[in-house]
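Structure first, then comments.
Read-outs throughout are calculated quantities, based only on the coordinates presented, and are distinct from any laboratory measurement. Nothing here was measured: the structure is a model prediction, and the numbers come from that model. Cβ atoms come from the backbone with ideal geometry, glycine included; neighbour counts cover every protein chain shown.
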Amino acid sequence: MSDIRRKVAIVPCSGIGKPYGTVSREAGYDLCEDLRPDTTELVALSRLVMGDETARQTVAKFPAIAIDGCKLMCAAKMVRQSGGTVAQEVAVLDVYRHHKDLKPEGIAELNDAGLQLARVLAEEVTEKIDELAPPDTRRGEGGSHG
Ligand code: SF4
């Protein structure tokens, strides 16, 4: 309501049953819960598919970063179909190509390499988020290291 700060909608693909899809969801959590909680809004792909009004409004209002587990790019397509703008399309496979040592395995639960790949992907995306929705510098961040 009164908080009209610019944010970025993060839309990971649902990717159920595929490790790369699970990486996209995990990266979404890393971004929205951990790395950039103040400037992002997580939108579940399933809610967009169901036509959920709140989810549609979020992608209509904020630029979106779609994170997809395979070349079908379900998240990016769904954002566009919902009237949103995809500011960046991220493919888990592209990130994996640069980090071949981090092969994701497991579906319900990712292996450590998969979790690390999600983290690397999320960290790469923060640059774009900060460009679209600059962090609030008035808060005087202490500069924490993880
Ligand atoms: S982009 Fe690929 S992995 Fe993700 S939901 Fe679509 S088909 Fe599944």
Taking only the stretch 36-61 into account, find how many residues are more than 13 Å from the chain's Cα centre (by Cα) and not aliphatic (A, V, I, L, M).
-> 11
Report whether or not G106 is within 16 Å of the ligand (Cβ to nearest atom), at positive phi and of a type outside the set (D, E, K, R).
-> yes
Select from the stretch 14-35 the residues that are under 22 Å from Y96 (Cα atoms) and either within 9 Å of the chain's Cα centre (by Cα) or more than 16 Å from the ligand (Cβ to nearest atom) (or both) and list them in ascending order.
-> S24, R25, E26, A27, G28, Y29, D30, L31, C32, D34, L35
Quickly run through the stretch 99-114 and pick out the residues that are under 14 Å from G69 (Cα atoms) and either part of a helix (DSSP H, G or I) or of a type in the set (D, E) (or both).
-> E105, G114
Neighbours by Cβ (under 7 Å, 6+ apart or cross-chain): first from the stretch 61-73, within 14 Å of A91 (Cα to Cα); second of a type in the set (K, R) and within 9 Å of the ligand (Cβ to nearest atom) = G69/K18; C70/K18
Mind checking which residues of the stretch 35-56 are assigned to a helix (DSSP H, G or I) and either without any contact (Cβ under 8 Å) to a residue 12 or more places away in the chain or in contact with a helix residue (DSSP H, G or I) (Cβ under 8 Å, 6 or more places away or on another chain) (or both)?
-> L35, L45, R47, L48, V49, E53, T54, A55, R56
K128 versus (1) surrounded by fewer than 20 Cβ atoms within 10 Å (Cβ to Cβ); (2) outside any loop (DSSP other than H, G, I, E, B); (3) free of Cβ contacts under 8 Å to residues at least 24 places away in the same chain: which is the lone unmet condition?
-> (3)
